[in-house]
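The values are calculated or read from the model by the stated rules, or taken from the named source; none is laboratory data. Keep in mind that this is a model prediction, so the values were computed, not measured. Here the Cβ is made from the backbone with ideal geometry for all residues, glycine too, and neighbour counts use every protein chain on show. We work out accessible area using only protein heavy atoms, side chains counted, and drop any ligands, DNA or RNA first. Shrake-Rupley method; radii C 1.70, N 1.55, O 1.52, S 1.80 Å.
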Amino acid sequence: MLEMKIQFEKAKELINNALSMERYSLLESEAMALMAIIGVPTPSFHLANSVEEAQKMAEALGYPVVLKIVSPDIIHKSDVGGVKLNILNLGQVSEKFKEIQKNVYEKVPKARIFGIMVQKMFPSATEVAIGALRDKQFGPALMFGLGGIFIEILKDASFRIAPVDKDDALEMIEEIKGYPLLLGYRGSPKLDINAIVDAIVRISELMMNIDEIDQLDLNPILVYPSGLIAVDVRIILSRKAGE
């Protein structure tokens, strides 16, 4: 098992803060911070509340960057035009920042806006996904599969009841039909399967230690020959936790 007691206390503080404001979905900035606490790599990011702030942060992070709306009332950001990718310069930061604001105000006019996330964009790579939910009968359960639309369309995923150790995690990875893609397909390099195993085990530990988490979705996770990065994180809290 992973020795992460101090980190779990920090994670509980972050979650309790959201619950104290009667928020049952973490802001993506909070979800990213939670992943950092447990040791799952995520992109560097900053929250901006103005074009000028976003430009300054983009320059500090280095291009390309991604802009994402941050709101407890918007879970699927792409559906409302709240995500802009591959932004390459100051002018584009200004243009896309204003586009996001316009899109959100038109499509979700009553949404509470906490800012716009300026996030470092990483090179494209093979995408995988790790998910978790708290089943009423079996308790915390984990899912692994190829990322993006592959899980939804191909239904190519494996499942385990937590706790999940390294051997279990490796079995989950090997069970999916897309496993050969991770081993290196037609001359492409083998990807860092050990990093995926580590991430699955850490998510299992998180679900076992923090009952307030009801659902968790890391999709996509970009996997490279060395390391991985979770570029989208969604965490839903249990409404029972707020009672």
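Here are some notes:
- Test set (1) hydrophobic (A, V, I, L, M, F, W, C); (2) under 27 Å from Ile236 (Cα atoms); (3) in contact (Cβ under 8 Å) with a residue 40 or more places away in the chain - Leu181 fails condition number: (2)
- The set of residues in region 54-78 that are of a type outside the set (Lys, Arg), in contact (Cβ under 8 Å) with a residue 24 or more places away in the chain and closer than 30 Å to Glu22 by Cβ comprises Ala54, Met57, Val66, Leu67, Ile69, Val70, Ser71, Pro72, Asp73, Ile74, Ile75.
- Selection status of Ile176, surrounded by 15 or more Cβ atoms within 10 Å (Cβ to Cβ) and among the hydrophobic types (A, V, I, L, M, F, W, C): yes
- Screening Ala141 on (1) farther than 29 Å from Asp211 by Cβ; (2) at pLDDT 95 or above shows it passes everything except condition (1).
- Some residue of region 54-65 being open to solvent by less than 40 Å² (accessible area, probe 1.4 Å) and more than 16 Å from Lys120 (Cβ to Cβ): no
- Residue in region 77-89 that is acidic (Asp, Glu) and either surrounded by 15 or more Cβ atoms within 10 Å (Cβ to Cβ) or farther than 30 Å from Ser158 by Cβ (or both) present: no
- Of all residues making up region 198-225, the number that are of a type in the set (A, V, I, L, M, F, W, C) and open to solvent by 10 Å² or more (accessible area, probe 1.4 Å): 3
- Here the condition is being surrounded by 18 or more Cβ atoms within 10 Å (Cβ to Cβ), more than 17 Å from Arg234 (Cβ to Cβ) and of a type in the set (D, E, K, R); of Lys110, Lys136, Lys120, it holds for Lys120 alone.
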